[in-house]
Each structure stands twice: as structure tokens, then as C-alpha cells.
1. Compute the separation of the alpha-carbon centres of the range 25-52 and the range 135-171 and state it in Å as a whole number.
2. Debye sum, Cα scatterers, the range 36-101, no solvent: what log₁₀ I/I(0) at q = 0.13, 0.20, 0.23 1/Å?
3. Starting from the Cα of S137, step 7 Å along the direction of its Cβ; do the same at F62; then give the gap between the two resulting points in nm.
4. What percentage of all Cα-Cα pairs in the range 91-197 are separated by more than 20 Å?
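Read-outs: derived from the displayed coordinates by stated rules, not from any lab. Just so we're clear, the structure is a prediction, and the values are computed from it rather than from any experiment. So basically every Cβ, Gly included, is an ideal-geometry build from the backbone, and we count neighbours across all protein chains shown.
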Amino acid sequence: MSRLMCNILRMDIENIKPLMVFAFVMSVTPGPNNLMLMASGANFGLLRTVPHMLGVGFGFVFMAVLLGMGLMQVFDVFPEMLTVFKVLAAVYMAYLAYKIATARPPKEQAAKGHPMRFYQAVLFQWVNPKAIGMAISAMSLYAADQTLASVLLVGLIFGCVNLPSVSLWAIMGVQMQKVLTNPSRMRVFNGIMAFLLLLSVIPVLRANL
């Protein structure tokens, strides 16, 4: 373990700086995770959205490390698996968009609804096309040698950058509660979030991950 840490620390600092920028840009820009966190913050508040945020952070890093440690080679051998992921993602995103668009007002949510749970957010990363694309791009660019040290470094950097970045969207959602003061405004907001969720997936689904 100590030798592994030494290898990580000896890595060129010049490679870490662009990786941090890449991680921040990819994590903070709109995507399924961020839009859902914003909707959750607006509908459930920040405290109840914390498990969702933690699930996004942990789930993405876990997936990225698995990809870096060899799962990408499986995709190279069986490229149809990515097509399966895309189809699953499209279906699941449509379902989530429907759930957001038809969400009850906050008072009813408190009694009957619940935000995405930790394990659900972890599993969601595997059908989130943006997250899969981010992980593959990060490992291809910054852990091309596929050594354990480089893979863990990419995971560590994303772990430090991703969670604070996505949390901003939940906080923005909480701030929206000041504007969404009646059920009609909340329905309009949820409808817009549902539409943007679907819209955010289209370019990624078209891309060759």
C-alpha cells in the first residue's frame, strides 16, 4: 500500500492539473445527475438530498475505477454492450423524466414521496450515458497506461472534485424553493427539469462513447 501511494505521489503534477480541470468541467456542467439533484433539492430540500449526492459521488468513482481496471477492454471486445447501455439509459431516463414531471407538490412529497436513495444513485451511474462517457474519457486520457496507481489517481481526483460540483446543483434547487411558492410554479419547474433531463441525454446517446 505504501509503495502504491508513493507511485501516485510521484506522478507528474503537470498531469494532475489538467485532470482536475477536466473533472471539474465534466462534473459541474448540466447532465442527468445534476438536473436530477437540482429537482430533488427543489422538491425535497438539501438534507433529504444528501444520500442522493453521496451516491452520485461514490457511484461515479466506483464505476470509473472499475472501467480503468479492465472493464473498458470488455467494451472493446463486445461493443454491442455499449449499445445495450444506451437503450437502457434512454428507457430509464424517460421513466425518470416522467416521475419528475408528475411529482407532487412539496407538502405532499414530504408525506408520500422520497428522493433517490444512496444505492439507487450508485446504480444509476451505470445507465447514465454522460457518466459512462466521462469515466471512459478520463481513464483513456489520464490513465492510458492502466496502472493501478494512475487509475486510482483519476478516481481520487474525481472523488474530490465531483461531489462538491454536483452539490452546487442541489443547492441551486433549494434556492429555487424561494420562487416555487405554489403548486403551479412547481409543476412548471418539474416539467422543465424533465424536458431538460431528456434533452441532456440526446447528444451523449448519439456519440460514440
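1. Distance between centres, Cα-based: 19 Å.
2. The Debye formula, applied to the Cα set alone, gives -0.54, -0.96, -1.04.
3. 2.4 nm
4. Tail of P(r) above 20 Å: 53 percent of Cα pairs.
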